[in-house]
Amino acid sequence: MITLCPNPFRDLDLKLTRQCIALLEAEGFETGICPVFADDEPDALPGDLTYQKLSDLGDDCTLAVVIGGDGTILSVVRQLRDRAIPMLGINLGTKGFMANLEPDQLPMVVKAAKGEYRVSRRMMLEVELQREGKVICRDHALNDVVLHGYGDCIGMTTYCNGDRVSQFSGDGIILSTPTGSTGYSMSAGGPIVEPEAENIIISPICPHVLGARSFVLDPQRTVMVRAELPHGRHAYLSLDGTSVADLANGDEILV
């Protein structure tokens, strides 16, 4: 089965999704629709189609076609991170760095459904937030993990396998994969790394120190960042552009 994962706020009335279904079913493929970002606004979905949740996707799914922008692709990747399902992106966003096809290339979806593609494997980051020795949350990121102040200059100490790497005050810090190296990390002055490489990239955000630099580490390293939020300052943890938690002084983020 080929699963279509459209963003209904990009693909209005699921017009492109319908075209894709028509192409695939004409070639004899079974299709299903798993919308993204529509849980809180079901009225965004046309009532004449049948939907299912990504969490209910069966083992018969051989390809996920994601229709939307980079944020849509990131969302689907995080939800299907434990499934060995190839993903093909059709760009309806502004940048489309992660998408493989543009809408005028839609017929190529049929070739992908027939297995005519090369897999580009990408590493992800495992993330754990600890507070006073207790695990607050665990998650994964394909692009980056960001610790950022709410308009405050915050302190951060970074360790690699227990050894201190840097300590500075600034707007925040980015821990990126090679896939995410062309995103926020690049904007913060980090290096551009080949996307199929495997590295953890550490880039400070507006550090208030002359010697702060980016680091490119082996993927087997464990990086820990301790948040230092004196005088009631505030910061948050963001994964792939989505804020997941407000931070407290002394919180530790392990990646």
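The values are calculated or read from the model by the stated rules, or taken from the named source; none is laboratory data. Here the structure is a predicted model, which means the values were calculated and not measured. Neighbour counts run over all protein chains shown; Cβ positions are idealised from the backbone, glycine included. These area figures cover heavy atoms from the full protein model, side chains too; ligands, DNA and RNA do not enter into them. Shrake-Rupley method; radii C 1.70, N 1.55, O 1.52, S 1.80 Å.
In sequence order, segment 97-104 has phi-based couplings of 4, 9, 7, 9, 10, 9, x, 6 Hz under the Karplus curve 6.51 cos²θ - 1.76 cosθ + 1.60, θ = phi - 60°, and Gly or Pro positions carry x. S181 contributes about 0 Å² of solvent-accessible surface, heavy atoms of the protein only, 1.4 Å probe. Compute the Cα gyration tensor for segment 9-130, then decide on rounded, prolate or oblate, letting a ≥ b ≥ c be the square roots of its eigenvalues: rounded whenever a/c is under 1.5, prolate when a/b is larger than b/c in the other cases, and oblate in all that remain. Because its axes are fairly even, with a/c under 1.5, segment 9-130 counts as rounded. Computed on the chain, with alpha-carbon pairs under 8 angstrom and 6+ residues apart, the relative contact order is 15 percent. The 3J(HN,Hα) values that the Karplus relation (6.51, -1.76, 1.60; θ = phi - 60°) gives for segment 79-92 are, in residue order, 6, 10, 4, 9, 10, 8, 10, x, 10, 10, x, 10, 7, 10 Hz. Gly and Pro appear as x. In terms of its alpha-carbon gyration tensor, segment 1-62 comes out oblate; a/c meets the 1.5 threshold, while b/c is at least as large as a/b. Distance between the modelled labels on D82 and A197, one decimal in nanometres: 3.1 nm (7 Å Cα→Cβ projection).
On a full-extension model of 0.36 nm per residue, what is the gain between A26 and K53, subtracting their alpha-carbon distance, rounded to one decimal in nm? Extra length available between A26 and K53 comes to 7.3 nm. For the residues V165, V127, V109, a GNM of the chain with alpha-carbon springs under 10 Å puts the largest fluctuation on V165.
Between K95 and Y150, 0.36 nm times their residue separation minus their Cα-Cα distance comes to what?
17.2 nm
Rolling a 1.4 Å probe over the protein heavy atoms leaves E194 with an accessible area of roughly 130 Å².
Go ahead and set up a Gaussian network model of the chain, Cα springs under 10 Å, then flag whichever of G32, G190, G211 fluctuates most. The residue that fluctuates most here is G211.
Ordered by solvent-accessible area of protein heavy atoms (1.4 Å probe), largest first, the residues S203, S120 come out as S120, S203. In the assembled protein chains, F9 presents an accessible area of approximately 90 Å² (probe radius 1.4 Å).
Largest accessible area first, the residues R118, R131 order themselves as R118, R131 under a 1.4 Å probe with ligands, DNA and RNA left out.
Springs join every pair of Cα atoms under 10 Å in this Gaussian network model of the chain, and among V209, V223, V110 the largest mean-square fluctuation is at V209.
Take the Cα of T242, go 7 Å toward its beta carbon, and the backbone nitrogen atoms of segment 137-151 under 17 Å from that spot belong to 137-147.
Can you work out the FRET efficiency for the pair L45 and Y117, with r the C-beta to C-beta distance and R0 = 22 Å, to the nearest 0.05?
Numbers: r = 28 Å, r/R0 = 1.29.
Computed FRET efficiency for L45 and Y117: 0.20.
What is the chain by shape, rounded, prolate or oblate, if you read a ≥ b ≥ c off the alpha carbon gyration tensor as root eigenvalues and call it rounded for a/c under 1.5, prolate for a/b larger than b/c, and oblate otherwise?
prolate
Cβ-Cβ distance of V216 and F37, R₀ of 45 Å, FRET efficiency by 1/(1 + (r/R0)^6): the value works out to about 0.85. Computed from phi, the 3J(HN,Hα) profile of segment 199-204 under the Karplus parametrisation 6.51, -1.76, 1.60 (θ = phi - 60°) reads 8, 10, 10, 9, 10, x Hz, with x in place of Gly and Pro.
The candidates L4, L23, arranged from most to least accessible area with a 1.4 Å probe in the full protein assembly, appear as L23, L4.
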